[in-house]
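The values are calculated or read from the model by the stated rules, or taken from the named source; none is laboratory data. Computed from a prediction, not measured in an experiment: that's the story for all the values here. Quick reminder, even Gly has a Cβ in these numbers, built from the backbone with ideal geometry, and neighbours come from all protein chains shown. For the accessible areas, the whole protein counts, side chains as well, though only heavy atoms, and no ligand, DNA or RNA atoms are used. Shrake-Rupley method; radii C 1.70, N 1.55, O 1.52, S 1.80 Å.
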Amino acid sequence: MKPIVERFIRYVKFDTESEAGVEAIPSTPKQRLLAEHLVAELNKIGMEEVTIDEHAYVMATLPSNVAHAVPVIGFVAHMDTSPDFSGANVQPKIWENYQGGDLVLNEAQNIVLKVADFPEVEDYIGQDLITTDGTTLLGADDKAGVTEIVTAMEYLIQHPEIKHGKIRICFTPDEEVGRGADLFDVEKFGAEYAYTLDGGPVGELEYENFNAAGAEIQFKGVSVHPGSAKDKMVNAMRMAAAFAMEFPEKEVPEHTEGYEGFFHLVGMDGNLEDTKLQYIIRDHDHAKYEARKQFMTDTVEKYKKLHGEDMVSLKMVDQYFNMREKVEPVMHIVDVAEEAMKQLDIKPLIKPIRGGTDGSRLSYMGLPCPNIFAGGHNFHGKFEFVPVQSMEKATEVIVRIAELTAKN
């Protein structure tokens, strides 16, 4: 088994599922177990200034091996996995020299990764695939990124003839619940710019993402026995259902792509007296993003007038912003990554992220941070997979970025 595969499988065996709505960082103590493992491994391979803080942020340094001044660059990945699907007891399956066709992940439960549903799997005929056993997610988001960064640092240490400047790396908790950058110490990290390894297929290079907000709407009702409810009962669930129908039918994730924004109802919970709806609001264009938030506010005001000021309430917060504004003034950092890919015969796929990364937050904290592919597909579910060769390519890109930065 290749060392990069052994490393990746070792990491995904750690259950690092994060949990939304928890005040503490990390949101789950088990994330720290992987963080501590990484500290030991980074020390073992020869990294310097290896640290872990009380919130499980791991940082380390690869010192420069050139005499001239070189910008300090960084590479960042997150350790947690999504709470959307179980990350406990991950049992990866390796398909060497994949020859096409469906992959039976779990015969007993008839769980099959079908080409008809995921045709992109046949882009990797002749390569080695790592999949789930159908009962958990895989964790390539973002343990593939963690694996690639550690492997690249080890390679540079073992090949001192490759010239590079000072490199800083960081592994973060809680990215999947939107808090990966909350306690990231940019000053301590000390890089001029960085790259997250948190993208999908080979070639992805991203420096713009959604502007993002989260909204919770609470509806208050009045419970009365249905036999005597006329003109007395107020059903909070029906109020919430009517509210949800106010939003444009086609401006939802399942009907949008590219730069198109959306409203996404992600949760509903309640009863006759008290019902809550949770939305996320997304748009790349800042003016359209603000207009979407205003539509949410105006719709809530409409329902207050219909049902009473105290019957409907809104909590809405900005989550992150489009990193493009912060990256464009230093576009050479994207150019370096693009050139690194071209030199490795990788076609750069520069496109907007229909989501966000730690880098989108970090860019607004003073650390411009484009995103590079990590190689995985179908994140957050049982059909997640990653080609081994894609992880190897990402590792090569990290090394080449380090080389090019030292030459510029």
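Looking at (1) free of Cβ contacts under 8 Å to residues at least 60 places away in the same chain; (2) surrounded by fewer than 17 Cβ atoms within 10 Å (Cβ to Cβ); (3) over 24 Å from Ile167 (Cβ atoms), which is the only condition Glu19 fails?
Among (1) free of Cβ contacts under 8 Å to residues at least 60 places away in the same chain; (2) surrounded by fewer than 17 Cβ atoms within 10 Å (Cβ to Cβ); (3) over 24 Å from Ile167 (Cβ atoms), Glu19 violates only (1).
Within segment 88-120, count every residue that is open to solvent by less than 40 Å² (accessible area, probe 1.4 Å) and either modelled with pLDDT under 95 or not small (Gly, Ala, Ser) (or both).
Number satisfying all stated conditions: 10.
For residues that are surrounded by fewer than 16 Cβ atoms within 10 Å (Cβ to Cβ) and farther than 16 Å from Asp174 by Cβ, tally how many sit in segment 46-70.
Within segment 46-70, residues that are surrounded by fewer than 16 Cβ atoms within 10 Å (Cβ to Cβ) and farther than 16 Å from Asp174 by Cβ number 9.
Results for (1) surrounded by fewer than 24 Cβ atoms within 10 Å (Cβ to Cβ); (2) at pLDDT 95 or above, shown as yes or no for each residue.
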residue: Val330; (1), (2): yes, yes
residue: Lys351; (1), (2): yes, no
residue: Gly355; (1), (2): yes, no
residue: Gly366; (1), (2): yes, yes
residue: Ile372; (1), (2): no, yes
residue: Lys382; (1), (2): yes, yes
residue: Val388; (1), (2): yes, yes
residue: Glu396; (1), (2): yes, yes
residue: Arg400; (1), (2): yes, yes
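What is the residue count in segment 265-317 for residues that are in a strand (DSSP E or B) and either over 15 Å from Arg238 (Cβ atoms) or touching a Lys or Arg at 6+ places or on another chain (Cβ under 8 Å) (or both)?
Initial filter on segment 265-317 (in a strand (DSSP E or B)): 265-270, 274-283, 312-317.
Okay, now just the ones that are also either over 15 Å from Arg238 (Cβ atoms) or touching a Lys or Arg at 6+ places or on another chain (Cβ under 8 Å) (or both), so 265-270, 274, 278-283, 312-317.
Of the residues in that region, 19 qualify.
When only residues in segment 134-151 that are in a loop (DSSP other than H, G, I, E, B) and out of contact with any Leu (no Cβ under 6 Å at 6 or more places or on another chain) count, which is farthest from Val104 (Cα to Cα)?
Among residues in segment 134-151 that are in a loop (DSSP other than H, G, I, E, B) and out of contact with any Leu (no Cβ under 6 Å at 6 or more places or on another chain), the one farthest from Val104 (Cα to Cα) is Gly139.
In the set Ala244, Ala181, which member is farther than 26 Å from Lys13 by Cα and aliphatic (A, V, I, L, M)?
Ala244
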